[in-house]
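Below is one structure; the comments refer to it alone.
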Amino acid sequence: MKSLEELKAIREKAMKKLNVRTAGEEEIKILVGMGTCGISAGARETLTAMVEEINNRNLQNVVISQVGCLGNCFGEPIVQVNIPNQKSILYGKVTPAKGKKIIEKHILNGEILEDLIIGEAFH
Amino acid sequence: MKNSRLHMLVCGGTGCESQDSNKLVNALNLVLDKYGYKDEVEVIKTGCFGFCEKGPIIKVQPDDIFYVEVKPKDAKRIVEEHVIKGRKVEDLLYNEPVKKEKVERQHDMSFYKKQVRIALRNCGLINPENIEEYIAVDGYLALGNVLTTMTPMEVIELVKESGLRGRGGGGFPTGYKWELTYQNKNDLKFIICNADEGDPGAFMDRSILEGDPHSVLEAMAIAGYAIGAEKGYIYIRAEYPLAIHRLNIAISQARELGLLGTRLFDTDFNFDIELKYGAGAFVCGEETALINSVEGGRGEPNAKPPFPAESGLWNRPSCVNNVETFANIPPIILKGPKWFSGIGTEKSKGTKVFALAGKVNNVGLVEVPMGTKLRDIIYEIGGGVRDNLKLKAVQTGGPSGGCITEEELDIPIDYDSLKSIGSMMGSGGMIVMDEKDCMVNISKFYLEFTEEESCGKCTPCRIGNKRLHEILTKITNGEGTEEDLERLVTLGDMIKDSSLCGLGQTSPNPVLSTLKHFREEYLEHVVNKNCPAGVCKGLSKKKPVNKQ
Amino acid sequence: MKDYVKVSINDKEVTVPREYTILNAAVEAGVKIPTLCHLDLHDMKMVNRTASCRVCMVEVKDRPNLAPACATPVNDGMIIRTDTMRAITARRMSVELLLSNHPTDCLICPRNRRCELQALAQELSIREISYSGQMNEFHIDSSSQAVVKHQNKCILCRRCETACNEVQTCGILSALNRGFETIVGPAFNLPMVETSCTYCGQCVAVCPTAALTEVNHVPKVWEALRDPERYVVVQTAPAIRVAIGELFGMEPGTIVTGKLAAALRRLGFNQVFDTDFGADVTIIEEAKEFIHRIENGGKLPMLTSCCPAWVSFIEHQFPDLVDVPSTCKSPHIMTGTIIKTYFAEKNNIDPSKITVVSIMPCVAKKAEAARTELSIDEHDNVDIVITTRELGDMLKEAGIDFDKLPDEDYDHPLGESTGASVIFGTTGGVIEAAIRTVYEWMTEKELEDVEFHDLRGFKGIREAVVPINGEDIRIGIAHGLGNARHLLEEIRSGKSHYHAIEIMACPGGCIGGGGQPYHWGNEEVVKKRQQAIYQEDRNKKVRKSHENTEVLKMYENYLGEPYGELAHKLLHTKFEAKERI
């Protein structure tokens, strides 16, 4: 080990991986509904695409998590965005492409995608 | 690097491994593979979570779900439900014994709520066999900062200011110990890590070494820099194969990255670490005995002075610190001495790990701030006494500690308060006893241990403890007299006063403290030939008439 | 400049050097602190500071527990009390605890009335043992010819271990097991006879109790003396005459040569001979061998071979160097051989009827006498070896009032000796005696001053250069096997530049032998014996071995040439490499 910078470089790289594990209260949470209906509507593809997008953009404060059926089966795949101290937003019919857009617009720029909202979030 | 969306942290401590956590890891991977989720979910074997009572444990992140008592056969359900469908597996959640409700999240569990994890900070969080994970949680940053920005004396002053005291039992201020070794000029000095955890039931050092070995390596290098040593030894008992395995991996990884070896962080500082195996003799926890053992001699103590700081390993200035002490060092450096001294009591700073055991609902390793009340540890973290029986005593400090009674449960515990009530911190053993435990028998049990573990060097410990044990045996056989009780006190006091090392100086503690607090019970044994707890065979088993 | 500190002991203030222990300071203050395990033979480098017995416990102000006076350094302003109830109780209880696990067969114990534990119990007026209980029952190791280990009597002071490991570097004895079962013994608790023990007996010399004693051969001597068929001849080693007086209340260093001869005669020995005779023969053989090695480019340095513990040490520890020592048998074995050949023939006595008894300051001589390769014509050269202490016991049993005996002479002819042979009893003596002869033989000039002061003294390793015929003969001397090891390692690594080396296993040489009267931890005793040895040398008219007329007569009439064929057969031996355990 030659320098602190070298150590910090290793740390930065390793932290990305550990981000999932060290998630705390203050982070942005994206919940993807993974009930049977969600899965059959393509929720898993959406989830994978969003995970990829988060990784690609190297977002440290966002965790993505799956949940059971969110109760709006007509609108699957469903994605809920929880930003600390903000109202939770529930999006419906989120395709992989729309999922990426949610990250780009809502998470990064704070623009809520009104046309994708399908109802009140429960939690 | 592939970043999975789900991390399953499976406890890989010795306790959970013995409950098939290895098979569980394999089963999880197998099922994940079968369902095609291997790329999305990573299964990580971590260090001990401390809640050994309920092992094997899986924590799923980022969902923050804590599963307990997971069997390999549960792997399929966890994948099918939790991974695929995002549903918690309800019956694997922890059932809070007091409130009788299921708890999902670790920090909502009463076992963890009051804990403050500094020494155990990475246990259950990172994969101890992967140095990068340690680096991700700021590992080796303290070493880097120390080497590139601080002088040895500044490091020593910082540790002194933090108020950290030795966690192995003695409670000697760590910074001061470093300073003494620093002051003795010599071309060769040594840092020794005492990993000869010998107290029966105590396993905090093992857990740290298994779950976060790099924190100890890093701290040893920092200590080496502070005192002027380029070589460190970890004296570890050979009965800790998993800890040895992980230490060996950690040492070779650290060497590979140049975090051990020559010219660390491109400075003039060189440091390397070697393991030395002990045969698990209790007395080898005493630093001079430990040093004799490292040198290849018989593990028995020498008269102090000279202290190791003046003349230790191979007659060179040496500094011996315990595993848990070392584990506290990196955070102290990174977060500053004020942060550390802000936790704890006036004279005992930071946290202490206790091995909570005995007749308590939640058995395991708990780390709490100094000054926490025993009552909180037992009734909140520990979930109270098992089977709703009445608490009789708490034994702290291992076999040479003393017993604490119900009346003393609200004393904030630290080094000094424990000493003042006739017990000690020791390495952090904490055994809860209920009304079915016979205190005479308990003290006989402890003496049996110390009598056998005595190195046999000095007279009071070698013969005195034998005689104490004989008198206790006589009492538990119903042949004791009131005079024997006085004899126990006289002899016990003399052994404490005259023995050569800490083992003998504390071995009578269980007898003396139970005699003080439970004299009535002793009297029942010798006068009425009655063992109220019904433990001592051959004696009657009646509730004594309350004389109060 | 020395650094001094002020301490107070029982209200008495003393100023003492900083490196002092509380015990040292107490001596200055005139306060007696009883000790048991402690032993400090500074010049012999034998310091036992195990602080294991816990008898010397004292109270130190502001120290939470009691301090062992023997191992606690003083510091400035220290306030010490030795007379508080707490200190006295602890001290007494330590002794009581030791006694609670110690056999009470004092009346028939070999250390009765000379046992340090017994003396301590008496000093502290211990009248009862408050904490009796189980006692250890270990077997007695009497496997060897020299040392008996009676583990039940061991109080684990560990002095023997210090002597064996630190002074002698033999590493035979160490603590085994734990707790109440702790013992001192060889690795794996092997019988002594199966170890590499040299039987130097230094463990016996420092043992405070009868845990380590010499094998008692007194009954065998009585048996021989009372057998009308036996012709019993006794010989005494040089170091006996300056030490045995101590057993009869005389001052250390009292020379009692005449009384010793008289006492032995009264015991009923048929002849009272002197090992000095054999020592003079040894010098003649050794000097010849040395000159032979120098002149013929033989192996150098040549090492002396008088000391059987030393011989055993080299055989076990340096088996590659067994050709370095002189091949000479030791003086008492030579004397024994001469008794059973030359003397027997001359006086027409059947050698098989002769019993040779050697009085030796040494425990190892017992084992040496049992070495079969030293036998000539199927009988032992020496039949029985007893130590100075054992002889003292015999004289007491026989009711001989040693003190009142007249001075008598040794018997003719093997009682004749020279000053050179007397100094065999001290470190440096053998080589000095050899130089006296070598010098005169090589230069063919008379040596004017026979005293070589460079060779004398008490330092562990000494060296001197003696110019002979323009050549510097370099002499090395070591006493104590630890020092010997040092010289041997130099030889092994080729760094040694000596021509001749004298080695004695025991610190001080034979005067400090394992069979001598106990020195009670006072090295002055041994030093006084050394002074007496040199005095005895000065008392002698003849001070060179090659001027011993009876020795010369023997060569002329019987042996022929020194270092010749018969001399070789009778007086030389060879050493063999032994497996090390």
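The residues of the range C:555-578 that are in contact with a helix residue (DSSP H, G or I) (Cβ under 8 Å, 6 or more places away or on another chain), in a loop (DSSP other than H, G, I, E, B) and free of Cβ contacts under 8 Å to residues at least 40 places away in the same chain, listed by number, are C:G560, C:E561. Summed over the range A:35-47, residues that are aliphatic (A, V, I, L, M) and within 8 Å of another protein chain (Cβ to nearest Cβ) total 2.
Within the range C:162-191, the residues that satisfy the criterion of being touching a residue at least 40 places away in the same chain (Cβ under 8 Å) and among the charged types (D, E, K, R) are C:E166, C:E181. Can you tell me which residue in the range B:277-295 is farthest from B:S400 (Cα to Cα), limited to those that are away from chain C (no Cβ under 12 Å) and surrounded by fewer than 19 Cβ atoms within 10 Å (Cβ to Cβ)? My answer is B:E295.
Conditions tested, residue by residue: (1) in contact with a Lys or Arg (Cβ under 7 Å, 6 or more places away or on another chain); (2) closer than 26 Å to C:P68 by Cβ; (3) surrounded by fewer than 24 Cβ atoms within 10 Å (Cβ to Cβ).
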position: B:E452; (1), (2), (3): yes, yes, yes
position: B:L472; (1), (2), (3): yes, no, no
position: B:E482; (1), (2), (3): no, no, yes
position: B:R487; (1), (2), (3): no, yes, yes
position: B:C501; (1), (2), (3): no, yes, yes
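Being within 14 Å of chain B (Cβ to nearest Cβ), under 30 Å from C:T198 (Cα atoms) and crowded, with 19+ Cβ neighbours inside 10 Å holds for only one residue in C:I155, C:I172, and it is C:I155. B:D493 versus (1) within 19 Å of B:R467 (Cβ to Cβ); (2) within 14 Å of another protein chain (Cβ to nearest Cβ); (3) touching a residue at least 24 places away in the same chain (Cβ under 8 Å): which is the lone unmet condition? Status for B:D493: all satisfied but (3). Checking each residue in the range A:13-34 for being over 18 Å from B:V60 (Cβ atoms) and at the interface with another protein chain (Cβ under 9 Å from one of its Cβ atoms) picks out A:K13, A:A14, A:M15, A:K16. For C:E137, the conditions (1) free of Cβ contacts under 8 Å to residues at least 40 places away in the same chain; (2) within 12 Å of chain B (Cβ to nearest Cβ); (3) more than 22 Å from the chain's Cα centre (by Cα) are fulfilled apart from (2). When we screen C:A464, C:A433, C:A478 for residues that are free of Cβ contacts under 8 Å to residues at least 24 places away in the same chain and crowded, with 16+ Cβ neighbours inside 10 Å, the only hit is C:A464. Criterion applied to A:I64, A:I102, A:I39 was being assigned to a strand (DSSP E or B) and either surrounded by 18 or more Cβ atoms within 10 Å (Cβ to Cβ) or among the hydroxyl-bearing types (S, T, Y) (or both), and the one residue passing it is A:I64. Kindly indicate whether any position in the range B:386-403 is part of a loop (DSSP other than H, G, I, E, B), modelled with pLDDT of 90 or more and surrounded by fewer than 24 Cβ atoms within 10 Å (Cβ to Cβ). Within the range B:386-403, one or more residues are part of a loop (DSSP other than H, G, I, E, B), modelled with pLDDT of 90 or more and surrounded by fewer than 24 Cβ atoms within 10 Å (Cβ to Cβ). The range C:5-101 holds strands (runs of 3 or more DSSP E) entirely within its bounds, and those carrying 2 or more residues that are more than 14 Å from chain B (Cβ to nearest Cβ) and in contact with a strand residue (DSSP E or B) (Cβ under 8 Å, 6 or more places away or on another chain) map to C:12-17, C:39-41, C:78-81. Being part of a loop (DSSP other than H, G, I, E, B), under 23 Å from the mean Cα position of the chain (by Cα) and not small (G, A, S) is a property that B:R87 lacks. You will find that of B:L9, B:L32, B:L92, the residue that is touching a strand residue (DSSP E or B) at 6+ places or on another chain (Cβ under 6 Å) and over 30 Å from B:R386 (Cα atoms) is B:L32 and no other. In the range B:451-485, the residue that is nearest to the other protein chains (Cβ to nearest Cβ) out of those that are part of a loop (DSSP other than H, G, I, E, B) and under 16 Å from C:A51 (Cα atoms) is B:G456.
Of all residues in the range C:406-444, which are more than 16 Å from C:F269 (Cα to Cα) and in a loop (DSSP other than H, G, I, E, B)?
Listed by number, the residues that qualify are C:P406, C:D407, C:E416, C:S417, C:T418, C:T426, C:T427, C:G428, C:E444.
Would you say B:L125 is in a loop (DSSP other than H, G, I, E, B), aliphatic (A, V, I, L, M) and within 13 Å of another protein chain (Cβ to nearest Cβ)? Yes, satisfied.
Take the residues in the range B:266-276 that are within 13 Å of another protein chain (Cβ to nearest Cβ) and in contact with a Phe, Trp or Tyr (Cβ under 8 Å, 6 or more places away or on another chain), then tell me which one is farthest from B:E218 (Cα to Cα).
Residue satisfying both the conditions and the ranking: B:F269.
Going through the range B:134-145 one residue at a time, which ones are touching a residue at least 24 places away in the same chain (Cβ under 8 Å), assigned to a helix (DSSP H, G or I) and within 8 Å of chain A (Cβ to nearest Cβ)?
B:L141, B:G144, B:N145
Scanning the range B:34-63 for residues that are of a type in the set (A, V, I, L, M, F, W, C) and within 14 Å of chain A (Cβ to nearest Cβ) turns up B:V41, B:V43, B:I44, B:F49, B:I58, B:V60.
The set of residues from the range C:121-147 being closer than 24 Å to C:E390 by Cα and buried (at least 20 other Cβ atoms within 10 Å of the Cβ) comprises C:S144, C:Q145, C:A146, C:V147. Of the residues screened, C:T35 is one that is among the β-branched types (V, I, T), closer than 30 Å to C:L156 by Cβ, in contact (Cβ under 8 Å) with a residue 24 or more places away in the chain and out of contact with any Ser or Thr (no Cβ under 9 Å at 6 or more places or on another chain).
Only residues that are more than 15 Å from C:M250 (Cβ to Cβ) and surrounded by 24 or more Cβ atoms within 10 Å (Cβ to Cβ): list them for the range C:512-536, please. Listed by number, the residues that qualify are C:G512, C:G513, C:G514, C:G515, C:V526, C:Q530, C:I533.
The values are calculated or read from the model by the stated rules, or taken from the named source; none is laboratory data. Owing to the predicted nature of the structure, the values given are computational and were not obtained by experimental measurement. Glycine gets a Cβ as well: all are built from the backbone with ideal geometry, and neighbour counts include every protein chain shown.
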